[in-house]
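Working notes, beginning with the structure itself.
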Amino acid sequence: MNLRVRKLYEALFALEDLRDIFRQALPGGLDESEEEQLSNGIARVETIIKDLKEGRGSPIKYAEDKIELRTREEEFININPIQPGGRLTAEARKTLIAYGDGYSVCDMCLEGRLDKIRKPAVDEFHAELADFVGMDEVRVVPGARRGFQAVTSSLLEKGDVVIVSDLGHYTEYLAVETAGGVIKEVPSGPKNIITGDAVADRIESVKKETGKLPKLIIIEHFDYSFGNEHDVYGVGKVAKEYDIPFLYNGAYSVGMVPVNGKNIGADFVVGSGHKGMASVAPSGILATTDEWTPKVFRSSQIVGDVTGRRFENKEPAMLGCTLMGGTLLSMMASFPHVKERVKRWDAEVKKSNYFINEFLRIAGNKISSEYPRKHTLSKVDTRDSFDRIAKTHKRRGYFLSDELKRKGIVGEFAGSTRVWKLNTYGLSWDRIKYLSETFIEIAEKYALSVKRN
Ligand SMILES: *Cc1c(COP(=O)(O)O)cnc(C)c1O
C-alpha cells in the first residue's frame, strides 16, 4: 500500500467535501456557520497535505462505506487485457470532477440534440471525431455494443443473415440476436486470422444455402481473444464486390491505432470509449458515410395518436440522446491526447514485441497470438512453465499472481497459469523493462531455465 497515493485520495475527497458547502449555501455567499465549516475543512486539507508531504499518517482504504479505493493505476503496473486503452488521462479525470453531475452536458442544449450542443463544444467534437476515423458522420454511443445494435436494428429484418468472425465478440452476437438476425461465422482457420477470401467463401455458402446474400458483415480489426490483426482491407474489398455493408469493429483499435474507415472500405466504424479512447464507461462511437446516414441516423417518424406529438429531431436508433454527462466529457477531454497517441502506435507495438521476446526467453513459455505481435494485447501459454510450478505449489495457480503482486504487477487473470492474456498498452519503456525482468526473476526463483539474449 502506497501511503502517499492514499493521502492524495484523502486530500481529493476532503476538497470534494468543501465543494459541498458551496452546493448547500445561498448564492450570495457563505453564512457564519458555513464559513466555519469551510475553514475547518481547509485546515483538514492542509493536515492531509502535510501528511502527504512528510509521508506519514494512516492510509485510507475506502472511498465510501464498502467501496474500496481503486489504486491499481497508481500503485501497480496494470496488465489487464481490457483496461489499458480506457485508462483516463489527467484531462479526463479533471473534467469528470467538473461534469460528474447527471445530465451535466445539457446546460446549454438549444436544439434538443446532443451532437448540436455548442457549449461545451460537443458539435465541434463530433465533426473532428468523424474526421479522426475517416468517415462522414458520427454519434457517440454507450459502448461499442450499442453501436452494433444501432446498425443491426436499422438494417436487419427477422431472419436476415449477418457474417461475423468465429473470433467475434459476444456483443456482436447479441446485437444480431436482439434484431432477430441469424449469425453465420467465418472461420479464422489455423492461423486465427480472418481473410477477405474466407469472408467471400462464407458469403457464397450463405447464398447457396439461403438463396440470399447476407445483410451485414461485422469483422473486428483486432480480436479480443488473440489480439491478432485481421485483413479488414481485404474484407472491405469483398464487401464492396458483393455490395454488402461492412461494419468495422474497432473496439481494440479506435483511439490507439490510426483508423481511416473509408480507406478500409467500411460502411460503419465502431469504437469503444472505455476500451480505446481513455474514457469513462459506457462510451463509444458509431461513424458512417453519407450513404448510410439517412438509414442509421434517420429522424423519428412516430406520432402520438391522441396528442399528435412528434420527435423529428430525435434519432430512434440512438434512442434520442446517448451520453449526457461525465462519459461524453471524458471522451472530449481525452480526445486531443488520443489524436496524438495513435501516431505513436508503432512504438506501442515495439514495446509489446520487446516484452514478448523477453517473456519467451523463459523455457516453456509460448505465445498463442500471431508473432511478431502487431498489437499490445497478447495471449500467452505458460502450461509448460508456470503451470508446472503451480501443480505442486501450495497456492496452486495463485502463486504467480502472488509473485507478480509482490512486485507491483496486477491485471493477469488471478489463479491462471495456463493460457491467459495481457496488454502492455501505454506502459513506458521503464515499465516494460521492469515487467520483463520481473517475469524472468520469478522464473529463475522457481528454477525454470531462461535463455540468454
Ligand atoms: C471489448 C469489445 C467489444 C465491446 O465493447 P464495448 O465498448 O464494451 O461495448 C466489442 N468487440 C470487441 C472486439 C471487443 O474487444
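Throughout, read-outs are computed from the coordinates displayed, never taken from laboratory work. Quick caveat, the model's predicted, so the values are computed rather than measured. Note that we place each Cβ from the backbone using ideal geometry, even for glycine, and neighbour counts take in every protein chain shown.
Please compute the contact order of the range 47-144 in relative form: average sequence separation of alpha-carbon pairs under 8 Å and at least six residues apart, divided by the residue count, as a percent.
9
Within straight cross-link reach of LYS445, meaning Cα distance under 17 Å, which lysines are found once same-chain residues fewer than 8 apart are removed?
Those lysines meeting the cut-off are LYS391, LYS394, LYS405, LYS407.
Straight-line reach from LYS374: which aspartates and glutamates have a Cα under 12 Å away, not including same-chain ones fewer than 8 places off?
Correct list for LYS374: ASP223, GLU229, ASP346, GLU348.
Give me the number: length gained by fully extending LYS212 to SER299, i.e. 0.36 nm times residue separation minus the C-alpha to C-alpha distance, one decimal in nm.
Answer, rounded to one decimal: 28.4 nm.
What shape does the chain take by its C-alpha gyration tensor, where a ≥ b ≥ c are the square roots of the eigenvalues and a/c under 1.5 counts as rounded, a/b above b/c as prolate, and the rest as oblate?
Oblate shape, in that a/c is at least 1.5 and b/c is the bigger or equal ratio.
Among SER154, ILE117, THR95, whose Cα projects farthest towards the positive end of the dipole of the range 89-167, with charges put on the beta-carbon of Lys, Arg (+1) and Asp, Glu (-1)?
Ranked along the dipole, the leading option is THR95.
If you place +1 on the Cβ of every Lys and Arg, -1 on the Cβ of every Asp and Glu, and leave all else neutral, what size is the dipole of the chain about its Cα centre, to the nearest 20 Debye?
Computed charge dipole of the chain: roughly 1800 debye.
Using a 10 Å cut-off around each Cβ, can you sort TYR173, TYR62, TYR425 from fewest to most neighbouring Cβ atoms?
The order, fewest Cβ neighbours first, is TYR62, TYR173, TYR425.
Taking a ≥ b ≥ c as the square roots of the Cα gyration tensor eigenvalues, with a/c under 1.5 meaning rounded and otherwise prolate when a/b beats b/c, else oblate, which class fits the range 1-62?
prolate
Near VAL138, within a Cβ-to-Cβ distance under 10 Å, what is the net charge of the other residues, with Lys and Arg +1 and Asp and Glu -1? Write out the running numbers ahead of the final one.
Working: positive: ARG139; negative: ASP115, GLU128, ASP131, ASP136, GLU137.
Result for the local shell: -4.
Using a cut-off of 10 Å between beta-carbons, work out the net charge of the residues near LEU427 (Lys and Arg +1, Asp and Glu -1, LEU427 not included). Walk me through the numbers before you get to the answer.
Values: positive: LYS351, ARG431, LYS433; negative: GLU348, ASP430.
Cβ neighbours under 10 Å give a net charge of +1.
Using Cα-Cα distances under 8 Å and only pairs 6 or more residues apart, what relative contact order does the range 317-443 have, in percent?
It rounds to 25 percent for the range 317-443.
Please compute one quarter of the surface area of the Cα convex hull for the range 83-140 and express it in square nanometres.
5.0
Given axes a ≥ b ≥ c from the Cα gyration tensor, I'd like to know whether the range 36-138 is rounded (a/c under 1.5), prolate (a/b larger than b/c) or oblate.
It comes out oblate by the Cα gyration axes.
How about LYS212: which aspartates and glutamates have a C-alpha closer than 18 Å to its C-alpha, ignoring those fewer than 8 places off in the same chain?
Straight-line reach from LYS212, under 18 Å: GLU157, ASP160, GLU185, ASP201, GLU204, GLU241, ASP243.
By the scheme Lys and Arg +1, Asp and Glu -1, what is the net charge of all other residues having a beta-carbon under 12 Å from that of ILE48?
Net charge around ILE48: +2.
Using modelled amide H (1.01 Å from N, peptide plane; none on Pro or chain starts), what sits under 5 Å from the amide H of ILE285, excluding residues fewer than 5 places away?
VAL141, GLY271, SER272, GLY273
Would you mind checking LYS191/LYS421; LYS207/LYS237; LYS215/LYS275; LYS191/LYS343 for any pair whose Cα atoms are more than 20 angstrom apart?
Working: LYS191/LYS421 18 Å; LYS207/LYS237 18 Å; LYS215/LYS275 27 Å; LYS191/LYS343 28 Å.
Pairs exceeding 20 Å: LYS215/LYS275; LYS191/LYS343.
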